[in-house]
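Notes for the one structure printed next.
Read-outs: derived from the displayed coordinates by stated rules, not from any lab. No experiment lies behind these values; they were computed from the predicted model shown. Here the Cβ positions follow ideal geometry from the backbone for every residue, glycine too, while neighbour counts run over all protein chains shown.
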Amino acid sequence: MGPDERAGSDPLAYKPDIYLDIRERYPQVAEALDGLGHAGDRAGPLDARERRLVTLGVAIGALATGAVRSNVRKALAAGANPEEIRHVAVLAITTAGFPAAVAAMGWIEEVLDEVD
């Protein structure tokens, strides 16, 4: 288990220690970030599942390991299935490149293994 991975009864609710530490240390920033996220959610017609799959694609394009893992968990919680999540990584090949998509698929599989 990695340094910021904690065992828990609900792997979909996992949050890295550093994320929790930053939220605690900078509560106003965390609150503003949450507000921006909620505003974005309400800004258009996509449902929660669709929003999570799109956000996963953006995280893959940014090679943001933590964001990929987080959005896999959030997509599962919003009703996406593992094949839909894997499909997002496959779609990233043509825009983010094969290495980025392969890296993302590895991160996705790690989260899917955790929640099995």
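The table for this structure:
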{"quantity": "Stokes-Einstein translational diffusion, the chain - Kirkwood Rh over all Cα pairs, 1.306 mPa s, 10 °C, in µm²/s", "calculated": "107 µm²/s"}
{"quantity": "Sequence ranges 20-30, 64-74, ranked by mean other-Cβ count within 10 angstrom, highest first", "calculated": "64-74, 20-30"}
{"quantity": "Modelled label reach - V90, point 7 Å along Cα→Cβ, segment 60-82 residues with backbone N closer than 13 Å", "calculated": "82"}
{"quantity": "Span from the segment 20-48 Cα centroid across to the segment 64-82 one, whole angstrom", "calculated": "16 Å"}
{"quantity": "Calculated [θ] (222 nm, deg cm²/dmol) that DSSP helices of n ≥ 4 give over the chain, each run adding -39,500 (n - 2.57)", "calculated": "-22500 deg cm²/dmol"}
{"quantity": "Charged-residue dipole, Cβ positions (Lys, Arg, Asp, Glu), segment 11-115 about Cα centre, Debye nearest 20", "calculated": "200 debye"}
{"quantity": "Unit charges at the beta carbon, dipole of the chain: most positive-side option, V115, V72, Y26", "calculated": "Y26"}
{"quantity": "E50/D17 FRET efficiency (R0 35 Å; Cβ-Cβ; nearest 0.05)", "calculated": "0.70"}
